[in-house]
């Protein structure tokens, strides 16, 4: 068996282990009771918003690629994006679908440009979510009546934010002093600036980033409503991005287990129980699975 195969089996095992531990720690029967009373209307609303988010993400990919000289037709971008999400949801790592998307799009500009377009588009989404999380974390810490962040949670989040800001500062500085980034990284920075930070690219990236971030947070909020959990705006913009960021940890299948564990720890800051937090996260995971069904249909009909 290859090293990649061993790693994927390990991810599956780790996912199962996390879910088992959560079932015990967060009162599994109570989680099932909450899920059994879910309101389908709110779930359907969340699915619709996540489908819209995929359309917007495909548009962002198209625009990002255009700034790199790669021409993608919007219907093609939408179909490919949905198909890549199907693979990302099904396989450990959540990047295999994106890699395949870049390979299939290599005919329009070459593999190097296609890879950069996919990587930069995904990175743009993480940057938008990071800015949202950072802004909300600072505001809710400083404002009267904001969220009560315990030090055990605030410290690691603050550390992540400081590291992220340091990386951003290094990237911006590298625009004027490329030598500090090294030859390889500096070679990637030129197209990165062109695709995301140039005067032509930035307005579209900011607008789409804000819209896509709103869709993700709103979808989670509606999934929470579906299981009877009503989150404040402060909780949605400060806590939910942290939960969604946890899905980037590549130890489980599509973030399952890690996302639910994060929700069990963080959502009680907004007044929920750990069981309610896990139930809201599970409902969001279900919504994500159902929202990629158009991609499955496209793969079958291809």
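Assorted remarks:
- Qualifying residue in region 221-230 (condition: more than 20 Å from residue 16 (Cα to Cα), free of Cβ contacts under 8 Å to residues at least 12 places away in the same chain and outside any loop (DSSP other than H, G, I, E, B)): no
- Residue in region 10-27 that is at pLDDT 90 or above, within 24 Å of residue 284 (Cα to Cα) and crowded, with 16+ Cβ neighbours inside 10 Å present: no
- Only one entry in 234, 224 is farther than 25 Å from residue 87 by Cα and at pLDDT 95 or above, namely 224.
- Residue check, residue 281 under 19 Å from residue 15 (Cα atoms) and crowded, with 23+ Cβ neighbours inside 10 Å: yes
- Every pair of residues 6+ apart whose Cβ atoms lie under 9 Å, when the first sits in region 15-32 and is in contact (Cβ under 8 Å) with a residue 60 or more places away in the chain and on the phi > 0 side of the Ramachandran plot while the second is surrounded by 14 or more Cβ atoms within 10 Å (Cβ to Cβ) and part of a helix (DSSP H, G or I): 27/274; 27/275; 27/278
- Meets criteria (part of a helix (DSSP H, G or I) and surrounded by fewer than 23 Cβ atoms within 10 Å (Cβ to Cβ)) for residue 297: yes
- Condition met for residue 77 (surrounded by 17 or more Cβ atoms within 10 Å (Cβ to Cβ), over 18 Å from the mean Cα position of the chain (by Cα), closer than 26 Å to residue 189 by Cα and free of Cβ contacts under 8 Å to residues at least 40 places away in the same chain): yes
The values are calculated or read from the model by the stated rules, or taken from the named source; none is laboratory data. The model shown is predicted, which means the values in this text are computed figures rather than measured ones. FYI the Cβ positions are ideal-geometry reconstructions off the backbone, even for glycines, and counts take in every protein chain you see.
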